[in-house]
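Notes follow the structure.
Only the coordinates and a few stated rules stand behind these numbers; no lab work does. As the structure is a computational prediction, the values presented were derived from the model and not from experiment. Here the Cβ positions follow ideal geometry from the backbone for every residue, glycine too, while neighbour counts run over all protein chains shown.
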Amino acid sequence: MIKQSFHVDLERRKYLNKYWEHFKTITKHKWYVMKACFKSKLYWQGIVHDLSKYSITEFFTSAKYFTGNSSPVDAEKIKNGYSLAWQNHKAKNKHHWHYWTDFENGDLIILKMPAKYLAEMLCDWVGAGKAYNKGNWTIDTFKSWYQHDKENMVLHESTRSYIELLMKNVKSEQDLYKNWIRISRIDENYMLDDLENCSYQPPIKLLK
């Protein structure tokens, strides 16, 4: 009886610890993103960034699949084939490029990310790198991560063009905040793209 009670108590502690560790992880990420946003003068976005992660839909689902060494969203996808937490998150957070894609009659529609959300996305990438690389983040690891993952991103041509320009020319973390994660700078480059090209990107045919 005592052994059984001890086992139940131990399992309950493990269960609660997963929730606590998940809370610490998402809060640490949010803290780094907020710092990056503040350095880029995105004050309000830094404050409200990723608040949906603390909602019932996202928090409890992700905490359930928390391991500490991999994404709980990925774990949920592996088990169920989809992630309710991610479906909710990408639908409510405009700093994800996924928000700016749509499907219509077999076509993939890709919209240009507004400058302020592109800027926040870049801060999000910085925050994720700092939170999960445990002190090993540098501007070079930032660039390397993008090069590794960029083919998996469905981006409007103008949005991708700006990110590519940034990755090619940014010199340091200070340079990143001061000169690149700037709404005015992004808008300026968007304007040049619109003058040189058509601002409308034709849909991509997925179904034939």
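Classify the range 67-115 as rounded, prolate or oblate from the Cα gyration tensor: take a ≥ b ≥ c as the square roots of its eigenvalues, call it rounded if a/c is under 1.5, otherwise prolate when a/b beats b/c and oblate if not. Before the final figure, lay out each step's value.
Details: a/c = 3.07, a/b = 1.68, b/c = 1.83.
Oblate.
Can you tell me how the range 65-147 classifies by the Cα gyration tensor, rounded, prolate or oblate, using a/c under 1.5 as the rounded cut? Write down the numbers at each step before the final one.
Details: a/c = 2.23, a/b = 1.17, b/c = 1.91.
The shape class here is oblate.
Give the residue list of chymotrypsin sites (Phe, Trp or Tyr not before Pro) in the range 46-147 that are DSSP loop and have at most 11 other beta-carbon atoms within 10 angstrom.
TYR82
Is the range 2-93 best put as rounded, prolate or oblate by its Cα gyration tensor, with a ≥ b ≥ c the root eigenvalues, rounded for a/c under 1.5, and otherwise prolate when a/b is larger than b/c, oblate when not? Could you put the intermediate results ahead of the total?
Details: a/c = 3.00, a/b = 1.79, b/c = 1.67.
Prolate, because a/c is 1.5 or more and a/b exceeds b/c.
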